Amino acid sequence: MSLIDFLNKKHQQESAVTSVLPKDIYAEGKLDLVDTIAPAALKVSAREIELGEKFARTFYTISYPAFLSDGWFAPIVNLDKVLDASIFIHPLETEEALRNFQKKVADVQSQINEREHKGLVRDPKLDTAYQNLEALRDRLQQAREKLFDVGLYLTLYGDSKEEIDKTEGDIRGILDAQLVYTKPALFQQEQGFRTTLPLGNDELMVESKMNSEPLSSIFPFVSFDLTSDRGILYGINRHNASLILFDRFSLENYNSVVFAKSGSGKSYALKLEILRSLMFGTDVIVIDPEREYEQLAEATDGRSFNISLSSEHHINPFDLPVIQEGEDPKDLLRNNIITLVGLFRIMLGGLTPGEDALIDRAITETYALKDITGDTDFTNIEPPLLADFETVLVGMEGTDSLVERLTKYTTGSWSGFINQPTNIDINRQFIVFSVRDMEDELKPVAMYIVSHYIWNAIRRNLKKRLLVIDEAWWMMKAEDTASFLYSLAKRGRKYYLGVATITQDVEDFLRSPYGRPILTNSSIQLLLKQSPTTVDVLQKTFNLTDEEKYLLLESGVGEGLFFAGLKHVAIKIVASYTEDQIITSDPSQLLAIKREKERLEETDAGGT
C-alpha cells in the first residue's frame, strides 16, 4: 500500500469517527425520566432519608386494639401534612385460617381449663378472647368474613429533621389515642421509602392479621367534604378536588358572612353565587357601594337603581309596610317609628335623650296629619314626606337645634335625596341598589334607608330571597345601622330571607357590638386571603389552627376557607368562561369586553 493510499484510508476512518461523534455525545447527554425525577443527592441514615433538600421518614403499625371504630384513619388522611401512605392487603385461604383458628381456640381453652383445675379465679381476658375467636370462626365458616395479612406504612416529608419529628409526634399522638401503635423502620428507611412509592412492592413485610370488618375501617379515601344532594356549586375542595355543593336555605339560618382583604375575590365569589342562585329561582337584592353588580344585572335582565343626591330614583323613608293578615297595625306603626328615630339619629349626628323623645313624638304627629294611626288601615294612604316632618318639628318647643340640622335634608344641598315620594319598584328577580355616587358622609344613611325599604318589600310576600350587602363595614360604623343589619340577619329566616354580608375591614366589623352576633347568626362563613394585621383576630374568632392561619395568608385570589355549620374545608372559587365574562371586575377584562362589544356594534352598523 502506497503512502498516499494509506493517508487516504486513514482520513476516511477519521471522517467516519468524526461524523458519528456528535450523535454519540447527544445520546450520552440525553436525560430520561429517571434523571428528571431523581433528587440531586440521596443519603440513607438509620432514621430518615435525605432526598436532595428534603427529609423523609417511614414508620409502620405494629398492633391494633380489639375493636377499630369507623373512620379512625380519617384524621391521618386529612392531616395538613405531606405524607405517603401504603396499605398492603394479602388475602388468606379460609381453610388454612380455620385450621390455625382451631389450634388457637384449643390453646385458649386449655389455658382456661388449667386455671379452673388449679382453682384460680377466671381470667376475663381469656374468656373474652375465647368468645371472640369462636364468633370469628363461625363467621369464617359461614363465609361472612375473610382473613387478611395487612401492612400499613407511612412516609413523612419535611424540610428538616425537626419538622419531621413534630409531624411524627402529631401522627403518633392521633394513633396512640386510637390504641394503634407504630414504630420507625430503623435501618430499613430505604426499603420503607420504596414500600410507600406507587410501585406495589412491600419490602418491609410487617403485617397484622385482620378480618373484613376492621379492615374496612382503614378505608383511606376519606376527607372532609361539604357535598350535599342539592344546592349550588360554591367551589372546589382544595384538599381532595371534590365539589362543594351546598344549599344555604337548608341550614338553621340562611345568612352568610365573607371576610377578605381587598382584591382577594370576595365580590367575585358572591357574584358567582348570585348568578347560580338566580338559575334556581332565588330572588336576589344587592346593596352595592361600588357599582360592581350593574353588569351582572344587565346580563340577567335585572334592574339597577342609582341612589345619589342627583339621582332620579328616590325612596321615602316614611313609607309604611303593607298590613298582612294577622298583623296588628299598631305594632307595624310602632316598629316603623322606632326605625325612623334610628335614621334621624344617624342623619343628625346623634341625639340627646330629650331630642330622642321629641323626634319620636314628632314622627307620630306627622303620621297623624295623614290620618295614619295604629287604629286605622293605612295600607292605601299616601305617607308623609320629610318636609311634613319638618313642619311638625318647627311647631314644637325646644326643637330649634333639630330643625337647623334637618334643613340640609329638606331645603339644602341634600334635599333631593330623601324629601321625595318613592318612585322605584323592585318587581324583577335581580335588583341592585348602587350607592357609589353618594357622598361618603351619606352612605350609611343611604344604606340604612335602602335596607329598610327592602325589608318592608320583603314582608309583602313570602319568597326565597337573598340580600347581599357589600362592604357592610359602612353599616357597622353607626350603632343604629349595625343594629338594623343585625335585626335583618336575626329575623330574615321567618321571611325566607338569607342575608350575605361582605367586608374587607374585619376589625371594624367585629369591633361593633353587633359584629359577633351577626357572625353567630350566619351559618355560612367564607374566609379568603387575609392581611397579616387581621389574620390573628380571625384565628381567635374562628379557632383556626396555625396551618389554617398560614393558608389564609398564602392563599391566591379566590382561595380560602369555607365554613358551613360545624364543618369547614379549604376552597377554591372556580367559574366557567361564560360566568367569568359576566361577573368579572378586573379592569383589563372589562376594557377588553367593552372593546369587543363596540367592535360588534360597528360591524352590525356597517352591515346594515
Check: How much length, in nm to one decimal, is gained on full extension between Y550 and S242, taken as 0.36 nm per residue of separation minus their Cα-Cα distance?
Finding: 108.7 nm
Notebook entry, point to check: In nm, what is the difference between 0.36 nm times the number of residues separating V82 and N113 and their Cα-Cα distance?
Noted result: 6.0 nm
Notebook entry, point to check: In what order do K408, K370 fall by count of nearby beta-carbon atoms within 10 Å, going from fewest to most?
Noted result: K408, K370
Next item on the list: Using only C-alpha atoms and all pairs of different ones, pull out the Kirkwood radius for segment 450-574 in Å with one decimal.
Entry: 15.5 Å
Check: According to the square roots a ≥ b ≥ c of the eigenvalues of the Cα gyration tensor, what is the shape class of segment 419-521, taking rounded for a/c under 1.5, prolate for a/b larger than b/c otherwise, and oblate for the remainder?
Finding: oblate
Checklist line | Folded to 0 to 90 degrees: helix 124-141 orientation relative to the chain principal axis, Cα | finding: 90 degrees
Next item on the list: Answer rounded, prolate or oblate for the chain, using the Cα gyration tensor with square roots of eigenvalues a ≥ b ≥ c: rounded when a/c is under 1.5, else prolate when a/b is larger than b/c, else oblate.
Entry: oblate
Check: Hey, fewest Cβ within 10 Å first, where do T352, T501, T227 land in order?
Finding: T352, T227, T501
Check: How long is segment 537-577 along each principal axis, judged by its Cα atoms, biggest number first, in Å?
Finding: 37, 24, 14
Item checked: Gain in span if fully extended, T541 to R144, counting 0.36 nm per residue against the direct Cα distance -> 138.0 nm
Notebook entry, point to check: Rounded to the nearest 0.05, what FRET efficiency do S262 and D604 have when you use their Cβ-Cβ distance and R0 = 35 Å?
Noted result: 0.35
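Counting other C-beta atoms within 10 Å, which of M476, M438, M205 has the fewest, and how do the rest follow? Kindly include the intermediate steps, with their values, before the conclusion.
On the way: M476 25, M438 20, M205 12.
The fewest-first ordering by Cβ neighbours comes to M205, M438, M476.
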Checklist line | Cα-based convex hull, segment 316-421, per residue volume (Å³, whole number) | finding: 94 Å³
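Read-outs: derived from the displayed coordinates by stated rules, not from any lab. Predicted model, so just to flag it, every value in this text is computed and none were measured. Cβ atoms come from the backbone with ideal geometry, glycine included; neighbour counts cover every protein chain shown.
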